[in-house]
């Protein structure tokens, strides 16, 4: 069941990426560069500037940042052409990243709620109590036989 859900999520993620990456850009988005069949908009470049670790230095002029973004897109397209985006190892990496990001978002949200109710020195303890409560409320079944087999390897 969980494996099917993960595959469905990855397929949905791939379709969304494909649709947004390969389709015509919104009419409001002025195209700043075309790389093969991909049209990079001003908004795409602004997003790249906002989220890329390479664009924080001011000496990287706008032309250099654009060049980095174009080179990145060329590499992404080549990786997709070679089918690397469909490899099991890539899918597992995406799954792990998705899980870690989801957990981080949840903990940040709960920490913000806790910080409003609890003094600063008790916040970590309150967060741990909350996580332990979630664990205790969960229905957990462990296959001891499979665990023993893994220990034996």
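If you go through region 100-116 one residue at a time, do you hit one that is farther than 30 Å from residue 48 by Cβ, exposed (fewer than 11 other Cβ atoms within 10 Å of the Cβ) and out of contact with any strand residue (DSSP E or B) (no Cβ under 7 Å at 6 or more places or on another chain)? Show your work before the answer.
First, pick out the residues of region 100-116 that are farther than 30 Å from residue 48 by Cβ: 110, 113-116.
When the remaining residues are screened for being exposed (fewer than 11 other Cβ atoms within 10 Å of the Cβ), the result is 116.
Now drop any that are not out of contact with any strand residue (DSSP E or B) (no Cβ under 7 Å at 6 or more places or on another chain), which leaves 116.
Scanning region 100-116, I find at least one residue that is farther than 30 Å from residue 48 by Cβ, exposed (fewer than 11 other Cβ atoms within 10 Å of the Cβ) and out of contact with any strand residue (DSSP E or B) (no Cβ under 7 Å at 6 or more places or on another chain), so the answer is yes.
Let me confirm something: among 10, 68, which residue is touching a helix residue (DSSP H, G or I) at 6+ places or on another chain (Cβ under 6 Å), assigned to a helix (DSSP H, G or I) and modelled with pLDDT under 75?
Working: 68 fails: modelled with pLDDT under 75.
Step by step, each of 10, 68 is checked, and only 10 is touching a helix residue (DSSP H, G or I) at 6+ places or on another chain (Cβ under 6 Å), assigned to a helix (DSSP H, G or I) and modelled with pLDDT under 75.
Every residue, every condition in (1) modelled with pLDDT of 90 or more; (2) outside any loop (DSSP other than H, G, I, E, B), yes or no:
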position: 116; (1), (2): yes, yes
position: 123; (1), (2): yes, yes
position: 126; (1), (2): yes, yes
position: 131; (1), (2): yes, yes
position: 135; (1), (2): yes, yes
position: 141; (1), (2): yes, no
position: 151; (1), (2): no, yes
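The values are calculated or read from the model by the stated rules, or taken from the named source; none is laboratory data. The structure presented is a predicted model; accordingly, all values stated were derived computationally and were not measured. Every residue, glycine among them, receives a Cβ derived from its backbone with ideal geometry; neighbour counts consider all protein chains shown.
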